[in-house]
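The values are calculated or read from the model by the stated rules, or taken from the named source; none is laboratory data. Keep in mind it's a predicted model, so treat the numbers as computed, not measured. With ideal geometry, Cβ positions are generated from the backbone for all residues, glycine too; neighbour counts draw on all protein chains shown.
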Amino acid sequence: MENAFNNQSPRKRSRKKYLLVVLMPVLTGAFVGTGSYTFMYANGASYLSNDPNACANCHVMNDHLSAWQKSSHHAVATCNDCHAPHGSLAGKYFVKAVNGWNHSLAFTTGNFPDEMRITDFNRSVTEGACRHCHSELTGSMHATVTATEEISCLHCHDQVGHLE
């Protein structure tokens, strides 16, 4: 069984091959070039670090950085300590990639609220960080809302880290 490509004249096949040979590198170059420019313009490499100032590359995070600098956690924890999972680097960079994508999309389109709110996904990551760092205290605590749902640390300590 012959496909439609083989039924075309040699000249038409040659034109399509030429388009693929020329168009694909041009499109790839445009994509890589635009992505590289955006990454450089947004100081993308700084987000791979553990520097809290990287979080304030975007002006909407300045208040959060300022509040963290005044908090008791300032001396013992950086942004990644609370907002990235402990354990494997893969988990940490997965969360950073998800957040980087969501933040860049929101800030590029302008589609974000004036007052930043934590997502359920990031709330669970932060909850895990609280329980990791304070395991001696929280290991014996099992306060529950229902028989299967524990009370979140952030239920009582929602100001910790930024507004305490």
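For Val95, the conditions (1) exposed (fewer than 14 other Cβ atoms within 10 Å of the Cβ); (2) within 14 Å of the chain's Cα centre (by Cα) are fulfilled apart from (1). Pairs are defined by a Cβ separation below 6 Å, a sequence spacing of at least 6 or placement on different chains, a first member in region 21-48 that is within 18 Å of Ala106 (Cα to Cα), and a second member that is surrounded by 10 or more Cβ atoms within 10 Å (Cβ to Cβ) and aliphatic (A, V, I, L, M); the pairs so defined are Tyr47/Ala54.
Does region 107-114 include one or more residues that are touching a helix residue (DSSP H, G or I) at 6+ places or on another chain (Cβ under 9 Å), modelled with pLDDT under 85 and among the charged types (D, E, K, R)? Scanning region 107-114 turns up at least one residue that is touching a helix residue (DSSP H, G or I) at 6+ places or on another chain (Cβ under 9 Å), modelled with pLDDT under 85 and among the charged types (D, E, K, R).
Counted as qualifying within region 1-107 are the helices (runs of 4 or more DSSP H) with 1 or more residues that are out of contact with any Asp or Glu (no Cβ under 9 Å at 6 or more places or on another chain) and within 21 Å of Val160 (Cβ to Cβ), namely 62-70, 79-83. Taking each residue of region 122-149 that is among the hydroxyl-bearing types (Ser, Thr, Tyr) and looking for partners that are at pLDDT below 85 with beta-carbon atoms closer than 6 Å, six or more apart or interchain, yields Thr144/Glu150. Of the residues making up region 110-141, those that are surrounded by 10 or more Cβ atoms within 10 Å (Cβ to Cβ) and either in a loop (DSSP other than H, G, I, E, B) or aliphatic (A, V, I, L, M) (or both) number 9.
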